[in-house]
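Contents: one structure, followed by commentary.
The values are calculated or read from the model by the stated rules, or taken from the named source; none is laboratory data. As the structure is a computational prediction, the values presented were derived from the model and not from experiment. Neighbour counts run over all protein chains shown; Cβ positions are idealised from the backbone, glycine included. Quick note on the areas: whole protein, heavy atoms, side chains included, nothing else; ligands and nucleic acids left out. Shrake-Rupley method; radii C 1.70, N 1.55, O 1.52, S 1.80 Å.
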Amino acid sequence: MATVTFDHATRVYPGTERPAVDQLNLHIEDGEFLVLVGPSGCGKSTSLRMLAGLEDVNGGSILIGDRDVTDVQPKDRDIAMVFQNYALYPHMSVADNMGFALKIAGKPKAEIRERVEEAAKILDLTEYLDRKPKALSGGQRQRVAMGRAIVRQPQVFLMDEPLSNLDAKLRVQTRTQIASLQRRLGVTTVYVTHDQTEALTMGDRIAVLSGGLLQQVGTPREMYDTPQNVFVAGFIGSPAMNIGTFEIKDGAAVLGAATVPLERSVIEQLTDADGGKITVGFRPEALDVVGQGSQGAFDVKVNLVEELGSDAFVYGDLQSSNADLSSGSSDQVIVRIDPRDVPMKGDTIHVAIKPGQAHLFSAATGNRLS
Amino acid sequence: MEQLQITSATPDSALLDLPWRTPLADWPDDVLAALPRGISRHVVRFVRLDGRVLAIKEISESVAFREYELLRQLRKLEIPAVRPIGVVTGRRDDAGEPLEAALVTEHLAFSLPYRAVFSQALRPDTAARLIDALAVLLVRVHLVGFYWGDVSLSNTLFRRDAHQFAAYLVDAETGDLHRELSRGQREYDLDLARTNIIGELMDLAAGELLDEDVDELAIGDALVSRYTELWEALTGVESFGADERWRVAARIDRLNDLGFDVGELSITTDIDGTTVRIQPQVVDAGHHSRRLFRLTGLDVQDNQARRLLNDLDSYVAATDRQEDDSQMVAHDWSQNVFQPTIRAVPRDLRRKLEPAQLFHEILDHRWFISERAGRDVPMPEATASYVENVLRHRPDEKAILGLRPGEQDPELEEGPLEPTGAPEDDHFHLST
């Protein structure tokens, strides 16, 4: 077991100016499950491959435990890439499928058997050890593949989008399995995904990257409750947070018919560069449907209602405002509403941001103000 | 509702006739071609369509498009790889439930999966030749910046190439194209290749499909040393005294001999000019096949080309035409020697081997019977003898199809992760 440290680690691809990973500083605790997440091209996979030794590090260093592995070859780093290859061998028993890499490494038979049995116990595969893979279900075969990595007893597990080629149902199932397995094994794990739901549900902590830069690292709750900038605010959460930039008038942000009063501490942080504007974010569930003319209410014209049984969401347009408001990739306002009291398409509803649930960011820098 | 969509650079409407509304694992026997399959994570099936054999793999849409694009790029880079045909998306079953996307590639004619090659009494050097072929392929993909990510025998197909084999990449799912590979990427790929190959051989051994004398570890290690040697020969820096300039030409000759052309060679001298350092910068595989193609228009694999070129050289000498235009002589050789030899093979037997491979084997056979007869057997006689005594008894290798369409394929009993298991699948033999 070991910690992992990225210390100003930088990767610049030959022929490019902008680093793919720029001065990454990240310390991963022993036994921690850390998820690197971000849109494609953000540098998450490059970061993982730098740790694996597949990408050269052009600046800074990478440590596993106290050992500087920056220039160590992949096979000497004591890491295991999980799921890169999980084709099972049909003629070999489950035990041999799990242990063959140890056999290649010349480990004594007794030790191989011991490690395989230990892994099988954790993976609930003990009774299948002497069977052929043919006798196993799809999920069990997946676990055999994980067993291959486990028996090697590496210091760190690396997983690069391991669920991307599974169908939706198996993906959710395997997601849960990997997360609980990692907790039982207690092996430091770095996991890469583009899917923020996967990140929120699996990670002890999440590191969000964009444009090669680390945006924020924290627990799923921290990322959700206090995103440090507009990018993280928009990326984490599903449906996405509503984010818009509004004029400030008399110490309050003007949202259509409503105003969001700003605390003095926030106003004090504004600069000339903000140009008298502020970026306000509010999650779909941070809105209350209120009566017309209520304090702080603004109008949303309903374009679409998405009913999910336990929840329902309104997708609509903010009325009487020309502000640039969007949620994720759509340019609509999303409001979570009572699934038993659903408006019709074309209706106008009146909503207000729940007290204390607005996220405020500098219009100029995108950094959090509150 | 989303509709079935076929994305392809070379659209073929016959693709639409395949039963896309059925999960691939349940496709009826009458559309399937019974080819031995490798070990795969996914459901893979072969179908016959318009005289071609296509391989169809069910994978998620994004992975399918990615692999399709990578295979296309590899073809452009002249890496020996299967030809991508297209991606089928928007599949739904009869109940309207979505089905996985499918990647369609063209199966390589005359190719041999490793299980077919290894699962029989191997002549001792056959394993070494397969490993050589894989080492050459791995070096070639690494030279163009392709990180394979899952090198294995299952992800490779072999074709006869004169006395050698040529290896083709069939699975690019885990791969990535980079501008240049780091040492770490190359070493990881190589280490994974070694582990996979040993694992695959151990599996054959566990199924009693491998000769007991085969040393799995030694074969895996041989790949590593062959790769390392070849990589060094192709990319290594060599330095020598300024008075040894002949070594530049010698290096180029050596690379030609390995089957590579030197596209660019960097030559640097130290300040006082006493030491010269050379390093090949751009090398292209296929030295002999390009030369043969230039001379005759015949497009064959490199070692086959080498063999044909040797025969062409002896034709030049025998007809005393060293002074003539080489393209003219090559044309005459093709008209008077190569083509008549192939035409002399009965049409129904020609599909057993590629023409260039046939020619190579006939040359071998001629040498063999000439020695036995103590005289120079002419080509027509050698060809007739070869057809009667050798070719007739060879299995059909155009596509290793032991079964007629519709006939029950024994391996279909097994699940998607299961490759061909029954020894009777290995119904052809090697005579290398």
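Within region A:167-213, take every residue that is in a loop (DSSP other than H, G, I, E, B) and away from chain B (no Cβ under 14 Å) and give me the one that is most open to solvent (accessible area, probe 1.4 Å).
A:204
If we keep just the residues of region B:252-274 that are surrounded by 14 or more Cβ atoms within 10 Å (Cβ to Cβ) and of a type in the set (Val, Ile, Thr), which is modelled with the highest pLDDT? Step by step, filter region B:252-274, then rank; the result is B:252. Flag set for residue B:366, criterion: over 25 Å from the mean Cα position of the chain (by Cα) and assigned to a helix (DSSP H, G or I).
One residue stands out in region B:321-338 among those that are surrounded by 14 or more Cβ atoms within 10 Å (Cβ to Cβ) and polar (S, T, N, Q): the one that is farthest from the chain's Cα centre (by Cα), namely B:326. Considering only residues in region B:30-84 that are among the small types (Gly, Ala, Ser) and either within 14 Å of chain A (Cβ to nearest Cβ) or in a helix (DSSP H, G or I) (or both), the one that is surrounded by the most Cβ atoms within 10 Å (Cβ to Cβ) turns out to be B:64. When residues in region A:253-267 are screened for being surrounded by fewer than 18 Cβ atoms within 10 Å (Cβ to Cβ), free of Cβ contacts under 8 Å to residues at least 40 places away in the same chain and not charged (D, E, K, R), 2 of them pass. Can you spot a residue in region A:80-87 that is over 18 Å from residue A:178 (Cβ atoms), of a type outside the set (A, V, I, L, M), in the same structural domain as residue A:137 (by TED's automatic domain parsing) and out of contact with any Cys (no Cβ under 7 Å at 6 or more places or on another chain)? Among the residues of region A:80-87, not one is over 18 Å from residue A:178 (Cβ atoms), of a type outside the set (A, V, I, L, M), in the same structural domain as residue A:137 (by TED's automatic domain parsing) and out of contact with any Cys (no Cβ under 7 Å at 6 or more places or on another chain), which makes the answer no. Residues in region B:139-165 that are under 16 Å from the mean Cα position of the chain (by Cα) and open to solvent by 40 Å² or more (accessible area, probe 1.4 Å) were compared, and the one that is farthest from the other protein chains (Cβ to nearest Cβ) is B:163.
Which members of region B:11-29 meet the condition of being open to solvent by less than 70 Å² (accessible area, probe 1.4 Å) and within 15 Å of residue B:88 (Cα to Cα)?
Hits for region B:11-29 are B:12, B:14, B:15, B:18, B:19, B:20, B:22, B:23, B:24.
Restricting attention to region A:18-38, the residues that are more than 14 Å from chain B (Cβ to nearest Cβ) and either more than 16 Å from residue A:209 (Cα to Cα) or in a loop (DSSP other than H, G, I, E, B) (or both) add up to 8.
Residues of region A:6-18 being surrounded by fewer than 20 Cβ atoms within 10 Å (Cβ to Cβ) and either out of contact with any Pro (no Cβ under 8 Å at 6 or more places or on another chain) or not assigned by TED's automatic domain parsing to the domain that holds residue A:202 (or both), which ones?
Scanning region A:6-18 gives A:7, A:8, A:13, A:14, A:15, A:16, A:17, A:18.
Counting only strands (runs of 3 or more DSSP E) that sit completely within region A:269-368, those holding 2 or more residues that are among the small types (Gly, Ala, Ser) correspond to A:312-318, A:324-327.
Can you pull out the residues in region B:166-225 that are facing chain A (nearest Cβ under 8 Å), open to solvent by 50 Å² or more (accessible area, probe 1.4 Å) and among the hydrophobic types (A, V, I, L, M, F, W, C)? Within region B:166-225, B:206, B:217 qualify.
With a requirement of 1 or more residues that are under 26 Å from the mean Cα position of the chain (by Cα), the strands (runs of 3 or more DSSP E) lying completely within region B:225-320 that satisfy it span B:260-269, B:275-285. Of the residues A:246, A:231, the single one that is of a type in the set (Phe, Trp, Tyr) and in a strand (DSSP E or B) is A:246.
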